[in-house]
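Chemist: So that we are looking at the same thing, I have put the structure below in structure tokens.
The values are calculated or read from the model by the stated rules, or taken from the named source; none is laboratory data. Note that the coordinates shown come from a computational prediction; the quantities given were computed from them, not determined experimentally. Using ideal geometry, Cβ is built from the backbone for each residue, glycine included, and neighbour counts are taken over all protein chains shown.
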């Protein structure tokens, strides 16, 4: 049974859905929505590389690049999330009580200003 | 023959989950729900697609195809670990940055697009960069 | 298998459409962080395009460098710059228009020059008639390396690869000169850093399982460059990325305790020294610079195998340099130069 037209149809379908995911990258209202879209596009590209290998009958040529791609997609997403956390820290936020997510509590890292250090010292002493 | 049926079934199920993921990412109103859609649906659909590719490779049973199938299994296992971890990192960043929740109030339940609601004050200024 | 049908037109059109959308979006977005992420998506897509065109080594390098390292470097640089593109000050509008005019003139000149290039995939072009058939036919007989790309990169065009390694080394040096400062200075470049003791259990668990496998895979890619797509550059980037992942999932200090700065610098220089040293050894033994057949008597093998071993040795040199350069760039960019506190 010749499965090649089936795989070609699968690849085109995945590409079309990736195009729909690109909407979230382009129009995500926040930066972090774009990071989400980047993660999904990266994961689906690994599937597409394997499908290209299957269509051409030479999966052993593409298998190394698939693993490397998956690894690097993971690193990019985590780096973007961590950099975003770093950039988020010193920015003062607008208090809108009904809309803003509840504060993370005392587990959130304190900013290293002298006032914050004095606060933490004061909290520690019983 | 039956292996072909299994391959087609696995890939079609993977495609179905990916359609669900895409619809979720586009249509959900809030960042947190989109991360749910992306993290879970994406991982499962990738696992099913690559599982179908492994089954397709095992049609001609030889030593090098067995080696390639083994490497693909390693990739499946790796994506099973790494993709939910990346989702966790994203949602951790969003939570610490206090991305606002979506609530079913009159202000947010309008039919306007995301850009208008962005300027309404729904998202703080420094989230948009 | 059907090699003629390997370029699917539906595939090409969709990927190119996505790339155009990404490129236009990266220019039109206002925030620098968003533009950096959309550039990362563009890199992912062009890697896919090159895989589709069967250029797997190029796709590998693009995935390693463009998609991961470039995005991390853009994000790391964006913390020093104001995140918004400010409105034009008076006098800037004229400079912008002049820049656009110059860019359009250069583009027209270059498009005019492309008329002299041979046609796409023309079998009678000079590259296809003289150079490529010779490489494809002679590479395995002369160098005993099945992967022709590695043979061309590291043997026939080894000067270019050596200067690539030197350029990468120079980039690490320049970033160090620009950013590196000792902790005695009071003025910090980056203020208000969050304290991170590596408290995140999920990321730590994932890092513990993934990083050792990643490093072994990097060494495999380096050594297997003779037989499959890969080679020194790609293996080095993956190895360096594993240290970046360690620093991201734990602490910068945690990663620096395992790969200290002076070891990083030794590796940066040592890789280039290995490459040039092999070339000088070949010169000293009476052959050309980087003519690996000189090592045949030294190693006691035939000339073919000496060239194969020479290719492996220079790939190792490139891999060491690239790994250390990626780590050094990350150390300097993520911590603002003082290497104390980081992501």
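Chemist: May I ask you to list the residues in the range A:24-36 that are in a helix (DSSP H, G or I) and facing chain B (nearest Cβ under 7 Å)?
Modeler: If the condition is that a residue be in a helix (DSSP H, G or I) and facing chain B (nearest Cβ under 7 Å), then A:24, A:27, A:31, A:32, A:33, A:35, A:36 are the ones that fit.
Chemist: May I pose another question? Of all residues in the range B:49-78 being touching a helix residue (DSSP H, G or I) at 6+ places or on another chain (Cβ under 9 Å) and in a loop (DSSP other than H, G, I, E, B), which is farthest from residue B:98 (Cα to Cα)?
Modeler: Out of the qualifying residues, it is B:59.
Chemist: A further question on this structure: Quick check on the range C:3-42: of everything there that is closer than 23 Å to residue A:13 by Cα and outside any helix (DSSP H, G or I), which residue is farthest from the other protein chains (Cβ to nearest Cβ)? So that I can check it myself, show each step before the final result.
Modeler: Residues of the range C:3-42 that are closer than 23 Å to residue A:13 by Cα, as a first pass: C:3-23, C:38, C:40-42.
Narrowing further to those that are outside any helix (DSSP H, G or I): C:3, C:7-8.
Values: C:3: 8, C:7: 11, C:8: 6 Å.
Looking at residues that are closer than 23 Å to residue A:13 by Cα and outside any helix (DSSP H, G or I), I get C:7.
Chemist: Search the range A:77-89 for residues that are at the interface with chain B (Cβ under 8 Å from one of its Cβ atoms) and more than 12 Å from residue C:78 (Cβ to Cβ) and pair each with any residue that is buried (at least 24 other Cβ atoms within 10 Å of the Cβ) and at pLDDT below 75 when their beta-carbon atoms are under 7 Å apart and the residues are at least 6 apart or on different chains.
Modeler: Listed pairs, sorted by first residue: A:82/C:343.
Chemist: Does residue C:108 count as assigned to a helix (DSSP H, G or I), more than 14 Å from chain B (Cβ to nearest Cβ), closer than 30 Å to residue A:78 by Cα and modelled with pLDDT of 90 or more?
Modeler: Criteria not met by residue C:108.
Chemist: Mind checking which residues of the range C:78-92 are at the interface with chain A (Cβ under 10 Å from one of its Cβ atoms) and either outside any loop (DSSP other than H, G, I, E, B) or at pLDDT 85 or above (or both)?
Modeler: Passing the criteria: only C:78.
Chemist: Would you point out which residue out of B:85, B:21, B:46 is surrounded by 15 or more Cβ atoms within 10 Å (Cβ to Cβ), within 14 Å of chain C (Cβ to nearest Cβ) and part of a helix (DSSP H, G or I)?
Modeler: Working: B:21 fails: within 14 Å of chain C (Cβ to nearest Cβ); B:46 fails: within 14 Å of chain C (Cβ to nearest Cβ).
Just a single option satisfies the conditions, and that option is B:85.
Chemist: Hey, can you tell me all the residues within the range C:43-67 that are facing chain A (nearest Cβ under 9 Å) and not in a helix (DSSP H, G or I)?
Modeler: Within the range C:43-67, just C:54 meets the criteria.
Chemist: Continuing with this model, one more query. Quick check on the range C:195-227: of everything there that is within 30 Å of the chain's Cα centre (by Cα) and modelled with pLDDT under 65, which residue is farthest from residue C:155 (Cα to Cα)?
Modeler: Quick first cut of the range C:195-227, residues within 30 Å of the chain's Cα centre (by Cα) only: C:196, C:198, C:200, C:202-227.
Imposing the further condition that a residue be modelled with pLDDT under 65 reduces the set to C:196, C:198.
Details: C:196: 46, C:198: 45 Å.
Residue satisfying both the conditions and the ranking: C:196.
Chemist: Another one. Is it fair to say residue C:91 is touching a strand residue (DSSP E or B) at 6+ places or on another chain (Cβ under 8 Å) and farther than 26 Å from residue C:218 by Cα?
Modeler: No.
Chemist: For the range B:24-39, which residues satisfy the criterion of being part of a helix (DSSP H, G or I) and in contact (Cβ under 8 Å) with a residue 24 or more places away in the chain?
Modeler: To start, the set of residues in the range B:24-39 that are part of a helix (DSSP H, G or I) comprises B:24-27, B:31-39.
Listed by number, the residues that qualify are B:31, B:32, B:33, B:35, B:38, B:39.
Chemist: Could you pull out every one of the helices (runs of 4 or more DSSP H) wholly within the range C:205-304 that has 2 or more residues that are buried (at least 23 other Cβ atoms within 10 Å of the Cβ)?
Modeler: In the range C:205-304, the matching helices (runs of 4 or more DSSP H) lie at C:232-249, C:261-284.
Chemist: While we're here: Tell me whether the range A:8-18 contains one or more residues that are surrounded by fewer than 22 Cβ atoms within 10 Å (Cβ to Cβ), more than 7 Å from every other protein chain (Cβ to nearest Cβ) and outside any helix (DSSP H, G or I).
Modeler: no
Chemist: I've got another one for you. Given the structure, is residue A:63 modelled with pLDDT of 90 or more, within 7 Å of another protein chain (Cβ to nearest Cβ) and under 26 Å from residue B:69 (Cβ atoms)?
Modeler: Yes; evaluated as a whole, the condition is true for this residue.
Chemist: Is there a residue being touching a residue at least 12 places away in the same chain (Cβ under 8 Å) and under 29 Å from residue C:205 (Cβ atoms) anywhere in the range C:294-310?
Modeler: No, the range C:294-310 has no match at all.
Chemist: Identify all residues within the range B:49-64 that are within 9 Å of another protein chain (Cβ to nearest Cβ) and more than 26 Å from residue A:13 (Cβ to Cβ); write none if there are none.
Modeler: B:64
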